[in-house]
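Step one of this worksheet: look at the structure below.
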Amino acid sequence: VRFEAPAKGMPGTLTWVVDTVRSLPFVGPEPIAWLEHRVFALKDALQRAYYTAFGEPDTEQEVADELGLADLSEEATRRRAELAVTDPELGWPPAQLDPVVRSPARGEGEWVAVVDDPFVRSYPGAPPAFYTTFLQVDPDRPFTRVYVVTWDPRAVQLRVMTGTREPESATGATGSGMVPRDQLGQLVAGFNGGFQSLHGEFGMMSEGRVYLPPKPWAATVAVYRDGRVAMGSWTDPPEGVRHYREQWAVRQIPETMVEFRQNLTSVVEGDRINPWRRWYWGAAPRGDDEQAYIDRSGICLTSEGFFAYFWGKSMGADELGEAMRATRCVRGIHLDMNQRHTAFEFYNVLRRSEAPDLPRRPSRDFEFEVDVPRAREWTARGRLLARSMTPMRFPRYVRQDPRDFFYLTLKPVLPGPALRRVGEGALELSASGLPHGGWPPALAAAEDGGTHFVRIDGSRVIPQVGIGGREEAPRVLAYLTGAARAGARRLVRQALTVGNRFAIVEQPGRSDETVFAGPAIDSSHGAGLGVDGEGFWLYVEGPRAAATFEAMGIDAIGLGPDQRLAYQLEGMTAGPDAFERDVAVESSLVLVANERPASEVLFPDVEPRPYMYWGRMQDTRVRYFRGEGPPRFVAPDPEEDDASP
């Protein structure tokens, strides 16, 4: 199915007028592009003239206002400095950035933790999920600042969501335009996607469904089924292929990839800005040799394996690239542009019954508290990354949106919140002194009155019976000793679109993978294994194990006398009560460390090529047609690009 007259996906009065005029046969896109470019150029000239006449702005104060840093006292500055120190074990937060301009403002490139904010969700016991900073990238425009927010993919999951209007799949289907309602409790942020399909038809896949096929060499951010996030240039076409076809493009998608979003070519690869030598970055008519200075946004993968979102006013693509290079990005993607289409929103979504009163009324231009559509029991609080962001609707991504966007959810991280025990008070667990396969921890434990409690993060371990059949010696963290037994209850792994969840069930579903089985726990069992409210495995050992699970409202498997949890500590196997155990490895459930990185470079062997390779193939349309005419991406001087298109 081909869609000859696509509609833009973001309605609004001004946008609707522009799009309507653009679609008229006697006007078309080029005059509108010319007019927009002149308006943006005039606005930029007026801003430069204003600051030339009245002096440079107070950058420190303006940045504090933008990021909501009301407290600039020495005490607040000292605490921010303490939180900005990199933990050598975690590698988080990243080291501060080297400023781009020769005379940086105070605080430029220094990471500020997003903490103690009622409008931003945090996970109990975990390090700050976000850090922000700013950079000046253009000496000729002191009013231009790039605001950067970074997150650790080990603790924050990135997802891709399609809009209700665009893009459309080959069958005409569109997405829900909403964060799945069952993820509201983990939702922590959302931000804009890339260009609309009408302006490039770059690839899009969400929740396992392909809406637009991938374009060769396009800058891509991708999500795998296990939660890994990759960024880079899409792979080459099949050998000998000269023309773009949807069929082979879809076949190139890796089987384990469930989501991706493409836009243009990479802004940054390695330490190179614009390695694909693209000249057109939007908002400029064909033939102009100067790009528009306008609000732009982007996302990148850093050399440390973190991700960062960028937003700034009055920027060209080169300035965005300079900010990415200063942030140590190894792959960077230009996302959407224009004042009304770009924004990053933090969220704190709470059940109404559990939402504490806010300390003050939200500032309407920066913060909000709203009802959540199709989830009456939830209320959403949040704020913008920067106060001067002016999205067409605010809030945007926590509701329902016509256009695609990204959203971020918090991953459960050990030791997690305190265990709630009826009549016995809360119990704090600790991950210190236990074996791990890097951060986040795989195990956290506590002891209370002769009862041992151990949480196990099922995403950080690979459970297997014995340790045979592996090419390399595995990094064993723990054993559940003794052979598994048949029984009425099973610990199962349930595959989600992205990631897994664990549950104790009596009747496994068709796709459930059984990890461990046994009888329902009762007073005869000295230990048990369940799944707590955070999704962690919960091991309890002690004379009151069954009563403890019952008091916590957790279904559990009862373990026999020979079935106990044992840690692997520096060549010694020890249990929660610190005495050695004899372990029959061959019959034990062995917990091997999952050491696979949470992020990676996508198709790392793909090398930048001249325009003659990627230009025409990327501009090929399969659904959204602009009408007759030459390709949009025509280099101003083909001879400078080594070959004509």
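Sort the following peptides by mean Cβ neighbour count (other Cβ atoms within 10 Å, averaged over residues), highest first: 400-411, 604-615. Provide the component values of the computation, followed by the final result.
Details: 400-411: 23.1, 604-615: 17.1.
Output ranking for 400-411, 604-615: 400-411, 604-615.
Leaving ligands, DNA and RNA out of it, rank ASP522, ASP182 by accessible area with a 1.4 Å probe, largest first.
Values: ASP522 70, ASP182 120 Å².
From most accessible down to least: ASP182, ASP522.
Under the Karplus relation 6.51 cos²θ - 1.76 cosθ + 1.60, θ = phi - 60°, what is the ordered set of whole-Hz ³J(HN,Hα) values for the stretch 326-341, x standing for Gly and Pro?
5, 8, 6, 6, 9, 9, x, 10, 7, 8, 6, 9, 5, 4, 8, 9
Give a residue-ordered list of calculated ³J(HN,Hα) values for the stretch 600-614 (Karplus: 6.51 cos²θ - 1.76 cosθ + 1.60, θ = phi - 60°; whole Hz; x for Gly, Pro).
6, 7, 7, 6, x, 7, 6, 10, x, 10, x, 4, 4, 7, 9
Can you give the accessible area of ASP371, probe radius 1.4 Å, in Å² rounded to 10?
Here the residue's solvent-accessible area equals roughly 100 Å².
From the square roots a ≥ b ≥ c of the eigenvalues of the alpha-carbon gyration tensor of the stretch 210-281, which class results: rounded (a/c under 1.5), prolate (a/b over b/c), or oblate? Don't skip to the end; give the middle numbers.
Values: a/c = 2.01, a/b = 1.16, b/c = 1.73.
Oblate, since a/c reaches 1.5 and b/c is not below a/b.
Under 5 Å between amide H atoms, partner at least 5 residues away or on a different chain: which partners does PHE130 have, H built in plane at 1.01 Å?
VAL114
At 1.4 Å probe size, what's the solvent-accessible area of GLU62? Round to the nearest 10 Å².
70
Classify the stretch 447-569 as rounded, prolate or oblate, taking a ≥ b ≥ c as the square roots of the eigenvalues of its Cα gyration tensor: rounded when a/c is under 1.5, otherwise prolate if a/b is larger than b/c and oblate if not.
Values: a/c = 1.57, a/b = 1.21, b/c = 1.29.
Oblate.
For the stretch 400-507, which GluC sites (Glu not before Pro) pass both filters: DSSP loop (anything but H, G, I, E, B) and at most 11 other C-beta atoms within 10 Å? List each step's numbers first, then the result.
Numbers: sites: GLU424, GLU428, GLU447, GLU471, GLU472, GLU506; in loops: GLU424, GLU428, GLU471, GLU472, GLU506.
Passing both the DSSP loop test and the Cβ count: GLU471, GLU472, GLU506.
Can you list the residues, at least 5 places off or on another chain, whose amide H is less than 5 Å from the amide H of VAL268, using H built in the peptide plane?
Under 5 Å from the amide H of VAL268: ASN274, GLY332.
Sort LEU496, LEU90 from largest to smallest accessible area, using a 1.4 Å probe on the heavy atoms of the protein chains.
Values: LEU496 65, LEU90 25 Å².
Correct descending sequence by accessible area is LEU496, LEU90.
Using a 1.4 angstrom probe on the protein heavy atoms only, line up ARG245, ARG154 by accessible area, largest first. Don't skip to the end; give the middle numbers.
Numbers: ARG245 125, ARG154 60 Å².
From most accessible down to least: ARG245, ARG154.
Rounded, prolate or oblate, given the Cα gyration tensor of the stretch 339-383, with a/c below 1.5 counting as rounded?
On the way: a/c = 2.64, a/b = 1.45, b/c = 1.83.
Verdict is oblate for the stretch 339-383.
Any idea of GLU550's accessible area? Nearest 10 Å², probe 1.4 Å.
Ignoring ligands and nucleic acids, GLU550 comes out at about 150 Å².
In whole Hz, with x marking every Gly and Pro, tabulate ³J(HN,Hα) for the stretch 360-371 from phi via Karplus 6.51 cos²θ - 1.76 cosθ + 1.60, θ = phi - 60°.
7, 6, x, 6, 4, 8, 9, 10, 7, 9, 9, 6
For LEU335, what residues show an amide H to amide H distance below 5 Å, using hydrogens built from the backbone and excluding near sequence neighbours?
Here the answer is SER297, GLY298, ILE299, since their amide H atoms fall under 5 Å of that of LEU335.
For the stretch 206-311, what does the accessible surface come to per residue with a 1.4 Å probe? Please give it in Å².
Values: 3570 Å² over 106 residues.
Spelled out: the 1.4 Å probe surface of the stretch 206-311, per residue, equals 34 Å².
The values are calculated or read from the model by the stated rules, or taken from the named source; none is laboratory data. Here the structure is a predicted model, which means the values were calculated and not measured. FYI the Cβ positions are ideal-geometry reconstructions off the backbone, even for glycines, and counts take in every protein chain you see. Just so you know, the surface numbers come from the protein's heavy atoms only, side chains and all, with ligands and any DNA or RNA stripped out. Shrake-Rupley method; radii C 1.70, N 1.55, O 1.52, S 1.80 Å.
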